[in-house]
Amino acid sequence: QLQLVESGGGLVQPGGSLRLSCAASGFSMDYYVIGWFRQAPGKEREGVSCINVNNVGTYYADSAKGRFTISRDNAKNTVYLQMNSLKPEDTAVYYCAARSWGSCPVDGYLEVWGQGTLVTVSS
């Protein structure tokens, strides 16, 4: 079974940092475009960041630019999202997803989704 599992979420104060992990099983992430998405209660899911195959390019939403960094570790079959200078408006469930074709940014036709990890930014 193709599977993605997110981890690393939790409660953090404004200005703090978290590193989210997206670990794949059943397939190699090397050959997939990987995107990070988030969804807050009552809001539509939005794309946050994306990384292309072979690290040939990345994408960041305006809200994430300068604060978030996406990276791959192919040996661990894992993609990371380092989130710094977190704001209360970053509070959401964060999901990773994979697509075997195309390039960043990704939106539709995602082939594999994780279950999500909750990030709460609050004092």
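Rounded to the nearest Hz, the phi-derived 3J(HN,Hα) couplings of region 65-78 under the Karplus curve 6.51 cos²θ - 1.76 cosθ + 1.60 (θ = phi - 60°) are 4, x, 10, 10, 9, 9, 8, 10, 10, 5, 4, 9, 6, 9, where x marks glycine and proline. Counting Lys and Arg as +1 and Asp and Glu as -1 over every other residue whose Cβ lies under 13 Å from the Cβ of Glu44, the net charge comes to +1.
By accessible area, using a 1.4 Å probe on protein heavy atoms only, region 40-123 has 48% of its surface on carbon and sulfur.
Compared with the direct C-alpha span, the chain from Ala40 to Gln115 gains 25.6 nm at full extension, assuming 0.36 nm per residue. Highest mean first, the peptides 59-65, 31-37, 18-24, 75-81 sorted by other C-beta atoms within 10 Å per residue fall in the order 31-37, 18-24, 75-81, 59-65. How much net charge surrounds Ser21 when only other residues with a Cβ under 14 Å from its Cβ are counted (Lys, Arg +1; Asp, Glu -1)? Within the 14 Å Cβ shell, the charges total +1. Local charge for Arg67 was computed over the other residues whose Cβ lies under 12 Å away, with Lys and Arg +1 and Asp and Glu -1, and equals -1.
With contacts taken as Cα pairs under 8 Å and at least 6 residues apart, the chain reaches a relative contact order of 37 percent.
The values are calculated or read from the model by the stated rules, or taken from the named source; none is laboratory data. The shown structure was predicted, so the numbers you read here are calculated from the model rather than taken from an experiment. Cβ coordinates were reconstructed from backbone atoms using ideal geometry, including for glycine residues, and neighbour counts include every protein chain displayed. In case anyone asks, the SASA skips ligands and DNA or RNA and just uses the protein heavy atoms, side chains included. Shrake-Rupley method; radii C 1.70, N 1.55, O 1.52, S 1.80 Å.
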